[in-house]
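Comments concern the structure below.
Every read-out reported here was derived from the displayed coordinates using simple, explicitly stated rules and does not represent laboratory data. Since the structure is predicted, the reported quantities are computational estimates derived from the model, not experimental observations. Please note: Cβ atoms are built from the backbone with ideal geometry, for glycine as well, and neighbour counts cover all protein chains shown.
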Amino acid sequence: MSLLANVYAIGSGRARPPLWGRLALPFLAQRGHLLLWAPVCLGLGIGGYFALTQEPTGGQISVALAAAVASLLLARLAGEALAPVFLAMALVLCGGALGWARTAMVAAPVLDFRYYGPVEGRIVDIDRSQSDAVRLTLDEVRLGDMAPGRVPARVRVSLHGDQRWVAPTPGLRVMLTANLSPPPGPVEPGGYDFRRQAWFDGIGAVGYTRTPVFTIAAAEEGHAGLALFRARVALSEGIRTRLGGQPGAFAAALLTGDRSSVSRDTLDNLRASNLAHLLAISGLHMGLLTGTIFAAIRAFLALVPWVALRLDTRKLAAVVALVAGAGYLGLSGGNIATERAFIMVAVMLGAVLIGRRAISLRAVALAAVIVLVRRPEALLSPGFHMSFAATTALVAVFGAIRDAGGLGARWPKVVKGAAALVISSSVAGAATAPFAAAHFNRIADYGLIANLASVPVMGLWVMPWALVAGLLAPLGLSWLPLQIMGWGCAWILGVAAWVAGLGGAVTHVVGPGPWVLPLLALGALWVVLWRGGGRWLGLAGVAAALWLWTQAERPALLVSDRGGLVGLLGPEGRALSKDRGESFTAEVWLENDGDGATQEAAAARMLPAEDGVLLFEVAGTQVTHVSGRGAAAKAAALCTGGLLISSVDPKPVPNGPCDLWSPARMRQTGALAVMRDGRLVTVADKAGRRPWSP
């Protein structure tokens, strides 16, 4: 008998030795639950694609797809026990191909040099930069005399200086003089790659202007086609004007996704209290809106006996809620987080329409598959990790409670509601905490308290009154429900400020290594999805991930990609070479160290420089950092050995025995890290050569 025939006979149970029977039994127990593993396998393939340091060729992708087809054929022949293994292989290979195809589909020109000159384009987005400056995203771009084939499809420009001559409006065609450069790479080797995010956002250049921006064509004259965007901006402005202050800015962010008026202090308070998720229009907002509409429509139809006795009011309510959710998606800007939330809600309401259980792990898995197929890059985003972690954990826990008979048959409804609130907040917080800590390097120690005090207000007060305001807007009566809604927003911001002000509100944690989150997610998913006693093996994966996290190695020395900032790790934390300038890089370094110090405080740890020259030793190697006035001339004389880091290109070029790292070299390598064992690692070493990191 051939090998394949043996596999088929064993897998189908026709010839099953006792040993195989024992080995196959756990796999056979997964029948009926295999859909739950589909997004996991797709995610493994997508993650593998993004982890590559070289872009696969079309031929390699063709081989992978051929192998996927072969795996599907083997799945049909292998029998029940082995078929899932071959299906999993096919999905992993398809996931990698999806990532490759998406990368090719969004390909657009990326600026490959520093540009200063005229920029013309149409405003398609308005937000704020890290420095709180108004930032415009432009399409239909023109850059001086540059050939159209080299011009980026979109550019993002921060506005500084006096800009009284323009009021940014969606669709407005503007002209300005700007400094543009390619999207920046990671600020340290292995760090978050901003170029990759810009690639998938279609942004080929970023920069700033300090000169006035002028209008060259009104939105109507430019045929902007951005009516929904303009309506969103008008609604946001109306809400802020009506409510005023930070409650108005917070309300506008909740309803339209416009965070441009939310202050830095408010953001810091929300993050420190673990309430920042309320700003992102995601599953909570979409669920509250559609859930409220679903319940309200059912209650209204129940009051009409003729309708209630003849029609399925659940399905009618589901259709109305789905339409409302789609409208909310469009009005809020349709970003990835909101799109993901709408897909999850649409899957669950679709389950109602076909008579299936709306809230189930299958619905969550199907939503995850749709998101990954549409946008494979979403797998890498914090929002994807946190939203699906929270949803999966909540559905699994409340499903177990339901199967066990509920929270308590004799409990009063008020007690049941309070218990459900505590359980949901605790479960969601526990599920998202590791991912939030990994991405944002902080744990909000009193986040549970803040969420217990704020989420009920959000669900029972803010969102219902927002819905009432929307219904009364055509009659010009939205001002009253908006005002009432504003009280709830003020309460939430007050809770955030109070919790953030408590001693020890935030614990800073070191950034994890590259294997921590994948291992943590796989271990947790194994516990939730596997059927049988073997599910507890997933705890070993979780424990291994947490142990690896504690072993995370931070570089002994970090050098920015322009050589102007260095950070030396010492007993007190990382010491920085300057107290201002390159603040974003400094902030990320300190966050990844798990250090809550400011740049100014970290700079006070550094030994004083002598005439712009810093001398120190790292891993047995002498390091010289030269910066400031006259650095170009000084560097040539300092090339006596070890590492020489210069913030400018030396003149003349030194020919001494040092290892020179200057802007000219670092434009090719990116930021530099010196590890504790003396290894030199650059951004280019970690990122490799990909379309977004040539």
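Quick one: Cα centre-to-centre distance for the stretch 55-90 and the stretch 445-503, in angstrom? After rounding, the separation between the Cα centres reads 50 Å.
Apply 1/(1 + (r/R0)^6) to the Cβ-Cβ distance of residue 53 and residue 502, taking R0 = 60 Å, and write down the FRET efficiency to the nearest 0.05. Mind showing how you got there, number by number?
Details: r = 44 Å, r/R0 = 0.74.
Using R0 = 60 Å, I get an efficiency of 0.85.
Within a 10 angstrom radius of the beta carbon, how do 239, 343, 203 rank from fewest other beta carbons to most? Intermediate values should be presented prior to the final figure.
Working: 239 29, 343 20, 203 24.
Ordered from fewest to most neighbouring Cβ atoms within 10 Å, 239, 343, 203 come out as 343, 203, 239.
Amide H to amide H, with H built 1.01 Å from N, residue 208 comes under 5 Å of 158, 179, counting only residues 5 or more places away or on other chains. Between the listed residues 204, 358, 192, the Cα displaced farthest toward the positive end of the dipole of the chain, a dipole computed from Cβ unit charges relative to the Cα centre, is found at 358. Once the other residues with Cβ under 15 Å from the Cβ of residue 375 are scored (Lys, Arg +1; Asp, Glu -1), what is the net sum? Net charge in that neighbourhood comes out at +1. For the stretch 48-72, the residues whose amide N sits under 14 Å from a probe point set 7 Å from the Cα of residue 107 along the beta carbon direction are 55-61.
Calculate, for residue 374 and residue 544, the FRET efficiency according to 1/(1 + (r/R0)^6) with r their C-beta to C-beta distance and R0 30 Å; round to the nearest 0.05. List each step's numbers first, then the result.
On the way: r = 32 Å, r/R0 = 1.07.
After rounding to 0.05, the efficiency reads 0.40.
The dipole here belongs to the stretch 115-225: it is taken about the Cα centre, uses +1 on the Cβ of Lys and Arg and -1 on the Cβ of Asp and Glu, and is about 140 debye.
In this structure, the amide hydrogen of residue 573, modeled 1.01 Å from its nitrogen in the peptide plane, lies closer than 5 angstrom to no residue at least 5 positions away or on a different chain.
Distances between every pair of Cα atoms in the chain, grouped in 10 Å steps from 0 to the bin holding the largest one, split as 3, 12, 21, 25, 21, 12, 5, 2, 0, 0 percent.
Here the chain is treated with +1 on each Lys and Arg Cβ and -1 on each Asp and Glu Cβ, and its dipole about the Cα centre works out to around 2240 debye.
If you take the Cα centroid of the stretch 617-694 and the Cα centroid of the stretch 549-603, the two points sit 17 Å apart. For residue 662, the shell of other residues with beta-carbons less than 10 Å away shows a net charge of +2, using +1 for Lys and Arg and -1 for Asp and Glu. So what is the diffusion coefficient of the stretch 265-508 in µm² per second by Stokes-Einstein at 20 °C and 1.002 mPa s, using a Kirkwood Rh over Cα pairs? Once the numbers are plugged in, D ends up at 111 µm²/s. Residue 339 sits among other residues whose Cβ lies under 10 Å from its own Cβ, and their net charge, with Lys and Arg +1 and Asp and Glu -1, is +3. The dipole here belongs to the stretch 562-622: it is taken about the Cα centre, uses +1 on the Cβ of Lys and Arg and -1 on the Cβ of Asp and Glu, and is about 100 debye. In sequence order, the stretch 261-277 has phi-based couplings of 9, 6, 6, 5, 5, 5, 4, 4, 5, 5, 5, 5, 9, 6, 10, 5, 5 Hz under the Karplus curve 6.51 cos²θ - 1.76 cosθ + 1.60, θ = phi - 60°, and Gly or Pro positions carry x.
For the stretch 208-216, 3J(HN,Hα) computed residue by residue from phi via the Karplus equation (6.51, -1.76, 1.60; θ = phi - 60°) reads 8, 9, 10, 10, x, 9, 10, 7, 10 Hz, glycine and proline entered as x. By the helix-only formula, in which each DSSP H run with n ≥ 4 contributes -39500 (n - 2.57) and the sum is divided by residues, the chain has a 222 nm mean residue ellipticity of -16500 deg cm²/dmol.
Using the alpha-carbon positions of the stretch 501-585, Rg (one decimal) and Dmax (whole number) come out as 18.8, 57 Å. Less than 5 angstrom separates the built amide H of residue 219 from those of 173, all sequence-distant by 5 or more or on a different chain.
Starting with the fewest neighbours, write out 479, 100 ranked by other beta-carbon atoms found within 10 Å of each beta-carbon. Mind showing how you got there, number by number?
Details: 479 14, 100 21.
Fewest-to-most ranking of 479, 100: 479, 100.
Available extension along the chain between residue 142 and residue 649 is 179.4 nm, counting 0.36 nm per residue and deducting the alpha carbon span.
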